[in-house]
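We did not get these values from a lab; they are worked out from the coordinates using the rules stated. Since the model is a prediction, treat every value here as computed from it, not as a measurement. Here the Cβ positions follow ideal geometry from the backbone for every residue, glycine too, while neighbour counts run over all protein chains shown.
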Amino acid sequence: MADDLLTATGIDVTYGGRRTLSGHLVNGIKVLHGVDITIRRGETVGIVGESGSGKTTLGRALLRLVNVSAGTIRFDGSDITDMPDARMRPLRRRMQMIFQDPMASLNPRHTIRRILVEPLLLHGVAADAKAAGRKVSAILERVTLPQSCLDRNPHELSGGQRQRIGIARAALLEPDFVLADEIVSGLDVSTQAQVLNLLKDLSTDLGLSMAFISHDLSVIRAICDRVYVMRNGLVVEEGPCDHVFAAPSSPYTRMLLDAIPLPEVDPQWLGRGMHSEERKTPLQPSPQGRGG
């Protein structure tokens, strides 16, 4: 369909093993088993499951960060399943990832300014350093961080602030698709709300398609349009969030729902998160090293 931005059909991912003369992979550990997933333009899709369910492997396969052993991946109408790196390179800007651990994905030796400016110049999104600087200043305002953080290094920021830098870095490249992998799992509830609200706003304003990986159904319910529920490398249920949460067809989905601490997720928690005093907080890590 014309509205489909990213589709994966019959995806297998196998780690280890060896290839036979015919090209088949044998004696490996299969992590994904014939997974189908579709992400439409402007849509936010949740991928949920317990640890080891294959959700992160699926996300990385969609971005061609791991190779598939079977199946087909199409992005904006092009088959990228086995596309050579040279041809994939122009697409990398359009397919961005926000990592679970921002500290691991931000170069500790670089300033925030360099971390944000260099990708703009590398991908030709900004014509020169001055234009890149203007874009960086504008995105910092969007993610509610002061300009003074540009001369800091990642370790000088709190967890929530680092995660917003990760979001800013992805948004700066004007992508069509963003994969967010467990990006709020290490943050306190108030900071989670602020980060999720930021993602929702950016997704709406930029027309982004997004896949949001999480083990937390409360987060999926708050931000996603549709959800895929994974178990042992298989999709066991898929559908609009409202339908899946109200009437799950899979016993496994029901089990995940029953594991949510509160019987009903408070629909106002994201809104209350925006009233936090974080915007007034100096750029210093919290005593626990969490939050923002």
Restricting to Cα pairs below 8 Å that are 6+ residues apart, what does the relative contact order work out to for the chain? Please round to a whole percent.
25 percent
Within the under-11-Å Cβ sphere about Asp151, not counting Asp151, Lys/Arg +1 and Asp/Glu -1 give a net charge of +2
Estimated inter-spin distance, Asp225 and Ser249, nm [label 7 Å along Cα→Cβ]
2.1 nm
So, over other residues within a Cβ distance under 11 Å of Gly54, counting Lys, Arg +1 and Asp, Glu -1, the net charge is +2
For the residue pair Ser137 and Lys200, what label-to-label distance in nm results when each label sits 7 Å from Cα along the Cα-to-beta-carbon direction?
3.1 nm
For Leu198, the net charge from surrounding residues (Cβ-Cβ under 10 Å; K, R +1; D, E -1) works out to +2
Under a crude label model (7 Å from the Cα following the beta-carbon direction), how far is Arg89 from Asp151 in nanometres?
3.5 nm
Taking a spot 7 Å from the Cα of Asn67 along the direction of its beta carbon, which residues of segment 30-51 have an amide N less than 17 Å from it?
30-32
